[in-house]
Amino acid sequence: MIYKLFRTPEWEALRADGSTLGAPIDREDRYIHFSTAAQVAETAARHFAGVEGLWLIAVDEKRLGSDLHWEPSRGGQDFPHLYAPLRVDQVEWAQPLPLADGRHVFPAGME
C-alpha cells in the first residue's frame, strides 16, 4: 500500500470528478507524489504541518501498473511517483487525519 495526502477540497474534487492529476505541486512536477507507510508521517510533518482537513488516501500500488515509478527523493529514499491521473476507483480507502498537539494522528501501526 502507498499513501497520498490530500487537503479536503482535493479529495472532494477526486470523488466528484472520478480522477485527478493531484495537488498543485503534483501538477507542477507532472507526477503525483505518494509515500510509503514509513515515509508518510514525515511527509505530513514537512509539507502539511498544522494543516486542518487533511486526508490520508491509501492505494494498492499494484493497481497503478507501469505508470508508477520509484524514484530517489528526500534523503535519497525511493518514493512512489504516479505518471498518470489517479482514479477514484484505484483508492482502497481514505480517512481524515485529525490534529493532536499540532501533529497529524495516523492510523495505528503506520508511524
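Where a number appears in this text, it was derived from the coordinates with a stated rule and is not lab data. Since we're looking at a predicted model, the values are computed, not measured. Ideal geometry is used to build each Cβ from the backbone, glycine not excepted, and the neighbour counts take in all protein chains shown.
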Notebook entry, point to check: When a footprinting reagent is the concern and you count Cβ atoms within 10 Å, what order do LEU21, LEU64 take, fewest first?
Noted result: LEU21, LEU64
Item checked: Shape metrics for the chain, restricted to C-alpha atoms - Rg then Dmax, Å -> 13.1, 40
Check: Based solely on its DSSP helices, what 222 nm [θ] is calculated for the chain when runs of n ≥ 4 H residues each add -39,500 (n - 2.57) and the sum is averaged over all residues, nearest 500 deg cm²/dmol?
Finding: -7000 deg cm²/dmol
Note to self: Tell me which trypsin sites (Lys or Arg not before Pro) from region 20-111 have a DSSP coil assignment and no more than 12 other beta carbons within 10 Å of their own.
What the structure shows: ARG30
Item checked: Estimated distance in nm for a label pair at THR8 and LEU99, the labels positioned 7 Å out from Cα along Cα-to-Cβ -> 1.2
Check: When the gyration tensor of region 17-80 is built from Cα positions, what are the square roots of 5 times its three eigenvalues, in whole Å, from largest to smallest?
Finding: 18, 16, 12
Next item on the list: State the extension gain, in nm to one decimal, for the chain segment bounded by ALA49 and ASP29, taking 0.36 nm per residue of separation less the distance between their alpha-carbons.
Entry: 5.1 nm
Checklist line | FRET efficiency, 1/(1 + (r/R0)^6) with R0 25 Å, evaluated for ASP78 and SER19 via beta carbons | finding: 0.50
